Amino acid sequence: MVSTVIAFVALAVSFWFSRRQLLLQEQQAKDAQKQAEATAAQAAESNREAQAAARRAAASAALTIDDLSRIAGALEQLAAHPGSAGPAHPTGFEARTAVPVVAWSLTPDGPGRFRLANTGTATAHDVWVGGAASLDGPHGIAPGASLAPGAAATFTATVLPTTTDSTLTVTWADTTGSSERRSWRYPLPGV
């Protein structure tokens, strides 16, 4: 009878250890599943961010192509009409009459803040600044303002991890009330 009790206790202890080992293995399997799901989610997020960065690079390349096309057009126009810049200057260089133009610069002005300045010689009327749909901003710049030469406006904008295009577009009119608009596009600097 003592041997039967000992055998029964040994069987109970063996069952308890087996059950404990089984529960431990189940917990480890659940932990491994959670870790795999977290890793998959992190990989998917990294993939989305990489795709957004690639789209931002493509948008920046498109801006470069726009700029190069404008430069090429201006050079072709100068080559086609070499004397149109004005009378010959005594030093051999052509004298050029200054035509008032609007020119822009975009610089960082603190974390998430940017400064858009009219660096040209003409006033930009009815100024509007917009960003790509995936960009958070611009915020804090009132549409319809006029920016005289040397004037600037500050605004905030944030490039999110999923932002695909960090390009800002500035449009303006050369005269008050004009329906003809000019535009300038530039990616947010420092992003």
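Kindly report the accessible area of the range 104-176 per residue (heavy atoms of protein chains, probe 1.4 Å, no ligands, DNA or RNA), in Å².
Dividing the accessible area of the range 104-176 by its residue count gives 44 Å².
When ranked by the protection proxy of mean other Cβ atoms within 10 Å per residue, highest first, what sequence do the peptides 108-116, 40-48 form?
The most tightly packed comes first, giving 108-116, 40-48.
Subtract the Cα-Cα distance of R182 and I6 from 0.36 nm times their separation in residues, and report this length gain in nm to one decimal.
Extending this stretch completely gives an extra 53.8 nm.
Using alpha carbons only, how many angstrom separate the centre of the range 1-40 from the centre of the range 153-191?
Rounded to whole Å, the Cα centres lie 64 Å apart.
Label A41 and F15 with points 7 Å out from Cα along Cα→Cβ: what is the distance between them in nm?
My value for the distance between the label points is 4.0 nm.
Keeping the other protein chains in place, figure out the carbon and sulfur percent of the accessible area of the range 115-191, with a 1.4 Å probe.
Here carbon and sulfur together make up 52 percent of the probe-accessible area.
The values are calculated or read from the model by the stated rules, or taken from the named source; none is laboratory data. From a predicted model like this one, the values you see are computed outputs, not experimental measurements. Reconstructed Cβ throughout: ideal geometry from the backbone, glycine too, with neighbour counts over all protein chains shown. When the accessible area is computed, the model is the full protein with side chains, heavy atoms only, and any ligands, DNA or RNA have been set aside. Shrake-Rupley method; radii C 1.70, N 1.55, O 1.52, S 1.80 Å.
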